[in-house]
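Working notes, structure below.
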Amino acid sequence: MELKEYLRIIKKHLFLILACALIATTGGYLFARQQSTKYEAVGDITVVPQGAAELKNVYEYEGYYALQAATIFTTTISSWLASPDSVMEIYQKAGLDTKGQTSKSLSKFIKTTPVLNSVALKFQLQTASKENTLKLAKGVNELVKEKTETFNQTAGSKTKFSLNLSEPLIIENRPPVGLITLCALVVGAVLGIFLAFLKEYLRS
């Protein structure tokens, strides 16, 4: 089939193509407008080993051991924040209700990422309310601080830990209405062209 034939079919079924593009674009726009703005909290937790004078030289055995222990302790913090019980406690500290969330959803509510080659990790959480997001992020800081203090009292380890907690950063994530609408337009146009050629094929 030559190019002229392709253009003839498109011209013949131009109304069908434009109708598909218009319907898809309208649907994509309405869908994008219905998506709510999300607020994401990002915070840093840095573990500081305490009570070891040998840390003045990290290349000595005790200093190296303390830093290794601090690195492992970041994994412990991640496990705390992945616990549904801990997340429920964070909600309580924020004065909020979990609204019937399942244990599985609670365990995935807070995402933690270790910072490479360091004794720090990042945490992220997201809700539809800026105020609630900030409250929950501060609840995270309170929880890990309290649990670290309890750990220091009960673990009996030679190295104790303290935490440097950053002030949570709140990021507003608006739905990309323009991008979604444009993608819907392209998909609608492609679908219209496909239907036009299919219609010609079935007629032949």
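Computed from the coordinates by the stated procedures, all read-outs in this text should not be read as laboratory data. No experiment lies behind these values; they were computed from the predicted model shown. Every residue, glycine among them, receives a Cβ derived from its backbone with ideal geometry; neighbour counts consider all protein chains shown.
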Cut-off is 10 Å between beta-carbons; in what order do 48, 119, 87 appear when sorted fewest neighbours first?
48, 119, 87
Report, ordered by chain and residue number, the lysines lying within cross-link reach of residue 12, taken as a straight Cα distance under 27 Å and ignoring same-chain residues fewer than 8 apart.
4, 199
So what is the calculated 222 nm ellipticity per residue for the chain, using -39500 (n - 2.57) for each DSSP H run with n of 4 or more, over all residues, to the nearest 500 deg cm²/dmol?
-19500 deg cm²/dmol
Cα-projected label distance for residue 190 with residue 167, points at 7 Å along beta-carbon direction, nm
4.6
Using the Cα centre of the chain as the reference point, and only Cβ charges (+1 on K/R, -1 on D/E), how large is the resulting charge dipole? Debye, rounded to the nearest 20.
1020
Can you list residues from other chains, or at least 5 along the same chain, whose modelled amide H is less than 5 Å from the amide H of residue 161?
50
Per residue, what volume in Å³ does the convex hull of the Cα atoms of region 115-204 enclose?
201
Evaluate the Debye formula for region 138-186 with equal point scatterers sitting on the alpha carbons, no solvent, and hand back log10 of I(q)/I(0) at q = 0.21, 0.25 Å⁻¹, in q order, two decimals.
-0.80, -0.93
Set 93/130; 99/145; 93/160; 135/160; 108/130 screened for pairs whose C-alpha atoms are more than 21 Å apart:
99/145; 93/160; 135/160
Rounded to the nearest whole number, the Stokes-Einstein translational diffusion coefficient of region 38-173 at 10 °C and 1.306 mPa s (Kirkwood radius, C-alpha pairs) in µm²/s is 102
